[in-house]
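Worksheet: one structure, shown below.
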Amino acid sequence: MFSLNLQSSTPLVLQIVEGFRQVIEDGSLRSGAKAPSIRQFAHAHKVSVFTVVDAYDRLVAQGYFASRPHSGFFVKQRQISTKEIPGHGPNFSFDSMWYLRRIFENRALRMKPGCGWLPGEWLFQEGVRRSLRSLAADNVDLGGYGEPKGYPPLRKLVRDLLAEQEIAVTAEQVLLTHGSSQAMDLVARRLVRPGDAVMVDDPGYPNLLFSLRFLGARLIGVPRTPSGYDLVALERLVIEHQPKVFFTQPRLQSPTGSVAQLAHLHRVVQLAEKHDFLVVENDIYADLDPEPRPSLASLDQLNRVIYISSFSKTISPNIRVGYLAASPDLLEDLAQLKMISGLTSSEFSERLAHGALMDGRWRKHIKGVRERLAKAHEGAATRLLNIGFEIFSEPKAGIFLWAKHPDMPSATELAYKAVEQDILLGPGNLFSPDLQLSPWLRFNVAFCDDPAVFTFLENQRPSP
């Protein structure tokens, strides 16, 4: 089939991926053929099982392989030509749901320092229960679909919450959605066409990256820095690619935890105006930020910025209530697209969220969560530094730390080893616009209180 060069400077994972790409594209390995099992390939080529797992996962992600439970890996039917770049273009095939289930959303594992949610006991459980009791007492009509834009009292509350952030909107400029993921999906489907250049944070938000790939966007990664963006690279990429839209998360970003400085926000708005592109601001962690900060939306007042946020992260992930705010014309288009794709959002969930937000203990609850996160940040950062990790940014707020160890070059291999120890890690390639191998890991500080996590990480360092 093909051979590996164990002495080459090219990583073995990339050799395996490139080898299979070539035999698939030249027809030597035909569509539907079964690939060698992971263990068979590892044994035949004298390489680590983890190396083969990593390569096969990348081949699935790039549309060359399909994984069938209990059966193995099979060559997938492809329509892209050899001239197309894997990972780009309208015919790119990416099995994002498989990738999420396989690597990221494994909730069954006992320790979850790589997950993206808060522990259940940190959420506003009592407020939700009180809101449920109130809804039951009000005898809510369950027979209708609700308003297309969402429950009006909650839209008015969002308007008032945005006003506190100096974002001036009317309730008619607010669209309630099934979590922030639906909001981003609606915006992406409204704005993006196959082949469009779309700028994204690098590293960035996995669900968004998967969605944009599915739409055929040409992803342009804008490097994140601890203070926001690499502004020189940002301007160069804008001039070179003339993007249609920039999806970004300035505040407490996932996965880096970084916060963009005011000067960086101003520059993004200036470039958007000068080069005629839109900006989609994902601000889902705003409630977790103890500092009052400006946003892209507050600087731009929804002229070129679409603002997205959510209550799911702080009330409960199971209450899928998010929202977006945009200019009136664009908001109407998005509301129509929401109706086409799913009629209305759940008024019952929106009423439930509204009741929790109107609860007199809500602000006290949020203050307590922020304090717990600050303490968790201090503990997690100290433990990581003590075992030799480098930390990208220390915001002391929000959920995430982004860290790497100089002696652990493959976060993906580390993640697979961790699964065997009942630990879920967040490997860096999941957050990469082009799924490149990475030594970086995302740590959720709220789930970094188990010493076994750090014992495992320390034991992965090579012996001196």
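The values are calculated or read from the model by the stated rules, or taken from the named source; none is laboratory data. The shown structure was predicted, so the numbers you read here are calculated from the model rather than taken from an experiment. Cβ coordinates were reconstructed from backbone atoms using ideal geometry, including for glycine residues, and neighbour counts include every protein chain displayed.
So here's what we get for this one:
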item: From Pro194, Pro203, residue being in contact with a Gly (Cβ under 7 Å, 6 or more places away or on another chain) and crowded, with 21+ Cβ neighbours inside 10 Å; result: Pro203
item: Tabulated pairs, the stretch 172-183, first over 12 Å from Glu350 (Cβ atoms), second assigned to a strand (DSSP E or B) and of a type outside the set (S, T, N, Q), C-beta under 6 angstrom, 6+ apart or interchain; result: Gln173/Ala325; Ser180/Ile308; Ser180/Gly322; Ala183/Ile308; Ala183/Gly322; Ala183/Leu324
item: Count - residues of the stretch 435-456 that are under 24 Å from the mean Cα position of the chain (by Cα), among the β-branched types (Val, Ile, Thr) and farther than 18 Å from Gln253 by Cα; result: 1
item: Where a residue in the stretch 192-216 is part of a strand (DSSP E or B) and its partner, wherever it lies, is of a type in the set (Gly, Ala, Ser), with Cβ under 8 Å and at least six apart; result: Ala197/Ala217; Val198/Ala217; Met199/Gly221; Val200/Gly221; Asp201/Gly221; Asp202/Gly221; Asp202/Ser432
item: Subset of the stretch 20-55 that is closer than 20 Å to Leu437 by Cβ and either surrounded by fewer than 17 Cβ atoms within 10 Å (Cβ to Cβ) or of a type in the set (D, E, K, R) (or both) - its residue that is nearest to the chain's Cα centre (by Cα); result: Asp54
item: Test result for Leu414, buried (at least 24 other Cβ atoms within 10 Å of the Cβ), modelled with pLDDT of 85 or more and over 13 Å from the mean Cα position of the chain (by Cα); result: no
item: Residues (in contact with a helix residue (DSSP H, G or I) (Cβ under 7 Å, 6 or more places away or on another chain), at pLDDT below 95 and surrounded by 21 or more Cβ atoms within 10 Å (Cβ to Cβ)) located in the stretch 311-330; result: Phe311, Ser312, Thr314, Ile315, Ser316, Ile319, Val321, Gly322
item: Residue in the stretch 58-75 that is within 18 Å of Asn207 (Cα to Cα), at pLDDT below 75 and in a loop (DSSP other than H, G, I, E, B) present; result: yes
item: Test for Arg224: is it out of contact with any helix residue (DSSP H, G or I) (no Cβ under 8 Å at 6 or more places or on another chain), in a helix (DSSP H, G or I) and modelled with pLDDT of 95 or more; result: no
item: Number of positions in the stretch 1-19 that are part of a loop (DSSP other than H, G, I, E, B) and either under 33 Å from the mean Cα position of the chain (by Cα) or of a type outside the set (Gly, Ala, Ser) (or both); result: 9
item: Among the residues listed as Glu394, Glu347, the single one being acidic (Asp, Glu) and under 30 Å from Arg130 (Cβ atoms); result: Glu347
item: Cβ-Cβ under 7 Å pairs, at least 6 apart or on other chains, the stretch 1-29 side closer than 21 Å to Val49 by Cβ, far side of a type in the set (Gly, Ala, Ser); result: Phe2/Gly19; Val13/Ala55; Gln15/Ser8; Ile16/Ala55; Val17/Ala55
item: Unmet criterion (only one of (1) crowded, with 21+ Cβ neighbours inside 10 Å; (2) more than 26 Å from Gly127 (Cβ to Cβ)) for Thr225; result: (1)
item: Matching residues, the stretch 245-291, being among the aliphatic types (A, V, I, L, M) and assigned to a strand (DSSP E or B); result: Val245, Leu278, Val279, Val280
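Condition check ((1) at pLDDT 95 or above; (2) over 20 Å from the mean Cα position of the chain (by Cα); (3) farther than 20 Å from Tyr285 by Cα; (4) of a type in the set (Val, Ile, Thr)) across all residues:
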| site | (1), (2), (3), (4) |
| --- | --- |
| Ala380 | yes, yes, no, no |
| Pro395 | no, no, no, no |
| Asp407 | no, yes, yes, no |
| Glu420 | no, yes, yes, no |
| Pro433 | no, no, yes, no |
| Glu458 | no, yes, yes, no |
